[in-house]
Amino acid sequence: MDIKAILWVFLGGGLGSSLRYLITIFFKTTNSNYPLGTLSANIIGCFLLGLLMGYLNRLELFREELSLFLMIGFCGGLTTFSSFSLDLFNMSKLSSMIYPFLYFATTICLGILSLLFGLWLSR
């Protein structure tokens, strides 16, 4: 087991999770039942992941430590599948299945498009 690798992921994940928490707090001020905080964190994380992958590869800076800290740690901590799943579950209890489906489709489609946009922008 590589303790340094775990430490890089831990540090990046802590920063990413903290940013996700701040994004969630920011969107709690809106009076929307739609999970804008989780959606925003996931879209931003996917965009940053694409941007980082592209820049690190293009500048030949792709090192294991940077990958562990930025991509697995920070972007992994920023994005959140568990909150996304809980949001879907709660939405399905409160409304018709249209809103949960729209949230699911929006998150998946915008996440992939954001990742691709980040990759494109980095070239």
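Laboratory data are not the source of any read-out in this text; all were calculated from the coordinates shown. Note that this is a predicted model, so its numbers are computed, not measured. Backbone-built Cβ (ideal geometry, glycine too); neighbour counts: all protein chains shown.
If I fit a long axis through the Cα atoms of helix 36-58 and take the longest principal axis of the Cα atoms of the chain, what angle between them do I get, 0 to 90°, rounded to 10?
So the helix axis and the longest Cα principal axis differ by about 20 degrees.
As an exercise, use a Förster radius of 35 Å and the Cβ-Cβ distance of Thr30 and Ile6 to find the FRET efficiency, rounded to the nearest 0.05.
0.45
So what is log10(I(q)/I(0)) for the stretch 3-121 at q = 0.10, 0.14, 0.16, 0.19 1/Å, when the Debye sum runs over its Cα atoms only?
So the normalised log intensities are -0.34, -0.62, -0.78, -1.00.
Simple spin-label model, 7 Å along Cα-to-Cβ: Arg63 to Ile98 in nm?
For Arg63 paired with Ile98, the spin-label model returns 5.3 nm.
Using only Cα atoms, tell me the angle between helix 81-94 and the longest principal axis of the chain; keep it within 0 to 90° and round to the nearest 10.
Between the helix axis and the principal axis of the chain, the angle is about 0 degrees.
Select from Ile108, Ile98, Ile44 the residue whose mean-square fluctuation is largest in a Gaussian network model of the chain (Cα-Cα springs shorter than 10 Å).
Ile98
Relative contact order, percent, of the stretch 3-121 when contacts are C-alpha pairs under 8 Å separated by at least 6 residues?
So the answer I get is 42 percent.
Would you mind ranking Phe84, Phe26, Phe104, Phe74 by Cβ crowding within 10 Å, fewest neighbours first?
Working: Phe84 20, Phe26 12, Phe104 17, Phe74 26.
Fewest to most other Cβ atoms nearby, the residues stand as Phe26, Phe104, Phe84, Phe74.
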